[in-house]
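Below is one structure; the comments refer to it alone.
The values are calculated or read from the model by the stated rules, or taken from the named source; none is laboratory data. Keep in mind it's a predicted model, so treat the numbers as computed, not measured. Every residue, glycine among them, receives a Cβ derived from its backbone with ideal geometry; neighbour counts consider all protein chains shown. Ligands, DNA and RNA are stripped out before the accessible areas are found, and what is left, the full protein with its side chains, is counted by its heavy atoms. Shrake-Rupley method; radii C 1.70, N 1.55, O 1.52, S 1.80 Å.
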Amino acid sequence: MSIIFVFILNLIRKCRDDEILERGAGLTYRVLLAFFPFLIFLMAWVGFLQLDESAVTRYIPDIFPPDVAELVKGFIYGLSTAQSRGLLSTGLFFAVYNTTNGFRAVIRCTNRAYGIEESRGLVKNVLLSLLLMLMFTSSIIFMAGALIFGAEIWVWLFPYAPTFLFNVIRITGSLAVLIFVTMLIYKLSCAVRLRLRHVLLGAALTVTGWVVTSAVFGFFITNFTQYPAVYGSIAGVFILILWLNLICVILLVGNELNARLWKSFTNNKHIM
């Protein structure tokens with residue numbers, strides 16, 4: 001028990017030394033810049049695939065805190081009424097630009113957590129950021145497709161199976177995909193070669209932290225705050241910033257955890 005306590009204490013000190021809160025705020029700024037253009041990009045795919053928009057917006061409250069969900073639904077509704085090709089193309093450009101910048105910030109934070117210098121050049125870093133963006137986008141599209149079409153496919157394959165079993169598989173499958181993508185982000189962001197097992201625990205705890213924090217945050221905002229009364233129409237934006245900041249800080253803490261475990265594993269290997 002004392003070993004775990006010392007490990008946690010050292011992890012907290014490392015997070016403080018690496019200025020996780022400050023770096024999380026900077027990453028939040030980049031994620032916020034990419035958030036709405038990324039929604040434009042996703043909704044452009046929805047239009048391209050000729051999907052029912054209501055089938056997408058129906059699951060938004062399951063993903064975002066309440067006030068953020070209303071903000072996102074209102075934004076998507078505005079996109080559906082605009083029907084502007086110029087808006088979609090502009091959104092695609094800013095989504096790619098800001099999202100890749102966000103992943104470049106993650107790469108810098110990862111290398112600092114591991115205490116190594118970035119040995120890859122600018123071109124490789126940009127291409128790596130694009131790869132991470134495509135992976136992240138593909139995972140979101142896959143999970144959205146599972147939410148929209150999963151029930152119909154389940155009924156077609158297993159017409160007599162109970163619905164609760166589908167819900168369990170849908171939730172666990174979405175979490176598994178998110179954990180795997182987070183593992184790849186942690187692994188590829190580091191300038192040294194890592195195995196997937198080196199980043200598994202950090203990714204699992206990160207995704208768990210996202211789920212638990214989002215649920216607690218939504219409950220707290222709904223029941224114990226008066227942000228809508230204080231901030232009025234911009235309350236949703238303010239709550240979105242707070243929520244994204246929590247998500248980004250948890251992402252960086254998971255990275256620090258992986259770095260500590262990797263250093264402990266490396267030191268023990270050298271000793272043996």
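A few comments on the model shown:
Here's the yes/no breakdown for (1) open to solvent by less than 30 Å² (accessible area, probe 1.4 Å); (2) part of a helix (DSSP H, G or I); (3) at pLDDT below 80:
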position	(1), (2), (3)
Arg30	no, yes, no
Leu39	yes, yes, yes
Leu51	no, no, yes
Ser54	no, yes, yes
Pro61	no, yes, yes
Ile76	yes, yes, yes
Phe93	no, yes, yes
Tyr97	no, yes, yes
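- Within segment 188-223, being in contact (Cβ under 8 Å) with a residue 24 or more places away in the chain and farther than 18 Å from Glu256 by Cβ holds for Val211, Ser214, Phe217, Gly218, Ile221, Thr222.
- Within segment 251-272, residues that are modelled with pLDDT of 90 or more reach partners that are polar (S, T, N, Q) and part of a helix (DSSP H, G or I) with beta carbons closer than 7 Å, at six or more positions or on different chains, in the pairs Leu251/Thr206; Gly254/Thr206; Asn255/Thr110.
- Residue within segment 173-182 that is assigned to a helix (DSSP H, G or I), open to solvent by 60 Å² or more (accessible area, probe 1.4 Å), polar (S, T, N, Q) and over 30 Å from Gly121 (Cβ atoms) present: no
- Test for Arg193: is it open to solvent by 80 Å² or more (accessible area, probe 1.4 Å), within 25 Å of Asn255 (Cα to Cα) and either touching a strand residue (DSSP E or B) at 6+ places or on another chain (Cβ under 7 Å) or assigned to a loop (DSSP other than H, G, I, E, B) (or both): yes
Every residue, every condition in (1) surrounded by 17 or more Cβ atoms within 10 Å (Cβ to Cβ); (2) of a type in the set (Val, Ile, Thr), yes or no:
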| residue | (1), (2) |
| --- | --- |
| Ala161 | no, no |
| Asn167 | no, no |
| Ile171 | no, yes |
| Lys187 | yes, no |
| Arg197 | no, no |
| Thr206 | yes, yes |
